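Undergrad: One structure is given below, represented as structure tokens, and several questions about it will come after.
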Amino acid sequence: KHPKFFKVSCQWWKRYSGAAAVCLGLLCVLLLAGIIGLFLYQRNQLTSSNTLTEERDQLQTSYNTLTKERDQLQKEIERLKQSLVEKVCPQGWKKLGSSCYYVSTEYKSWEESRQDCRNRGAHLVVIKSEDDQTFVNWLCGVKNYVWIGLTDSVSEGTWKWVDDTPLTRKYWNSGEPDGGGAENCVYFYSWSSDTGEWWDYYCYYKFRWICEK
């Protein structure tokens, strides 16, 4: 009886241990598959995160680049606006180079003329070159007198322009200046369409004038 029972028990154990081994093997396979799946999932998540980080950095770089380009374009627009303002003279003004000139139709003293130019955001005309002299002669018109922005009222005998620059180019009439301490302002007289000269004179006399800005 005992040998038979032992035989049956052994057979049962063999079947049980075999089934257990198979189950354990399956569990190991499933566990390994789960680990591999988790690894692949984590790797994909990490790759996706890195990709998003790179895309974010690229977007930030693109944003910074576009911001700089926008600022540069804004500066260029402002520069062009300023250039346009500088190149276009107000109505009734004449243009030479980068300057605009206004010829009055009224008659005022030198100081009144100077103030009128200031009110227009300008100053009495300054002549520093042959081109300036020729242009002012044309603006003046033949046989006309106009005040220009030259005076020695601050220091007798030291002629300066109203923009506080010293006199360099000189187009005095022969014998001028000849007024001593009494004639401290200068007018322009046009002899012809080609010739104009300067004369010192009493500042309270009333002539037309030319503004420049």
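The values are calculated or read from the model by the stated rules, or taken from the named source; none is laboratory data. Quick caveat, the model's predicted, so the values are computed rather than measured. For neighbour counting, all protein chains shown are included, and Cβ atoms are generated from backbone atoms with ideal geometry for every residue, glycine included.
Undergrad: Are any residues in segment 177-194 of a type outside the set (S, T, N, Q) and either at pLDDT 90 or above or closer than 14 Å to Val154 by Cα (or both), and if so, which ones?
TA: Answer for segment 177-194, where residues must be of a type outside the set (S, T, N, Q) and either at pLDDT 90 or above or closer than 14 Å to Val154 by Cα (or both): Pro177, Gly180, Gly181, Ala182, Glu183, Cys185, Val186, Tyr187, Phe188, Tyr189.
Undergrad: Here's a follow-up. Would you say Leu167 is at pLDDT below 95, within 21 Å of Leu96 (Cα to Cα) and touching a Phe, Trp or Tyr at 6+ places or on another chain (Cβ under 7 Å)?
TA: Details: at pLDDT below 95: yes; within 21 Å of Leu96 (Cα to Cα): yes; touching a Phe, Trp or Tyr at 6+ places or on another chain (Cβ under 7 Å): yes.
In short, yes.
Undergrad: Ok, one more. Would you point out which residue out of Ser83, Ser62, Ser48, Ser17 is within 30 Å of Gln133 (Cβ to Cβ), part of a helix (DSSP H, G or I) and at pLDDT below 85?
TA: One residue alone meets the criteria, Ser83.
Undergrad: Can you name the residue in segment 149-160 that is out of contact with any strand residue (DSSP E or B) (no Cβ under 6 Å at 6 or more places or on another chain) and closer than 13 Å to Trp110 by Cα and, of all such residues, is surrounded by the fewest Cβ atoms within 10 Å (Cβ to Cβ)?
TA: Ser153
Undergrad: Looking only at segment 72-120, filter to residues that are small (Gly, Ala, Ser) and touching a strand residue (DSSP E or B) at 6+ places or on another chain (Cβ under 9 Å); which one of those is farthest from Trp138 (Cα to Cα)? Walk me through how you get there before you give the answer.
TA: Of segment 72-120, the ones small (Gly, Ala, Ser) are 83, 92, 97-99, 104, 109, 113.
Keeping just the survivors that are touching a strand residue (DSSP E or B) at 6+ places or on another chain (Cβ under 9 Å) gives 92, 99, 104, 109, 113.
Working: Gly92: 15, Ser99: 15, Ser104: 14, Ser109: 22, Ser113: 19 Å.
Filtering segment 72-120 for residues that are small (Gly, Ala, Ser) and touching a strand residue (DSSP E or B) at 6+ places or on another chain (Cβ under 9 Å), the one farthest from Trp138 (Cα to Cα) comes out as Ser109.
Undergrad: Quick one: which strands (runs of 3 or more DSSP E) sit completely within segment 102-213 and have at least 3 residues that are among the β-branched types (Val, Ile, Thr)? Before the answer, list the steps.
TA: Working: elements: 145-151, 185-190, 196-201, 208-212.
By residue number, 145-151.
To keep it simple, each residue is scored yes or no on (1) over 33 Å from the mean Cα position of the chain (by Cα); (2) among the acidic types (Asp, Glu); (3) at pLDDT 95 or above.
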residue	(1), (2), (3)
Ser98	no, no, no
Asn119	no, no, yes
Leu124	no, no, yes
Asp132	no, yes, no
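Undergrad: Here is a follow-up. Does Val103 satisfy the condition of being surrounded by fewer than 20 Cβ atoms within 10 Å (Cβ to Cβ), touching a residue at least 40 places away in the same chain (Cβ under 8 Å), β-branched (Val, Ile, Thr) and in contact with a helix residue (DSSP H, G or I) (Cβ under 8 Å, 6 or more places away or on another chain)?
TA: Taking the combined requirement at face value, the residue satisfies it.
Undergrad: Of the residues Tyr205, Tyr201, which is assigned by TED's automatic domain parsing to the domain that holds Thr105 and without any contact (Cβ under 8 Å) to a residue 60 or more places away in the chain?
TA: The unique qualifying residue is Tyr201.
Undergrad: Looking only at segment 161-199, how many residues end up being of a type in the set (Gly, Ala, Ser) and surrounded by 17 or more Cβ atoms within 10 Å (Cβ to Cβ)?
TA: The total comes to 2.
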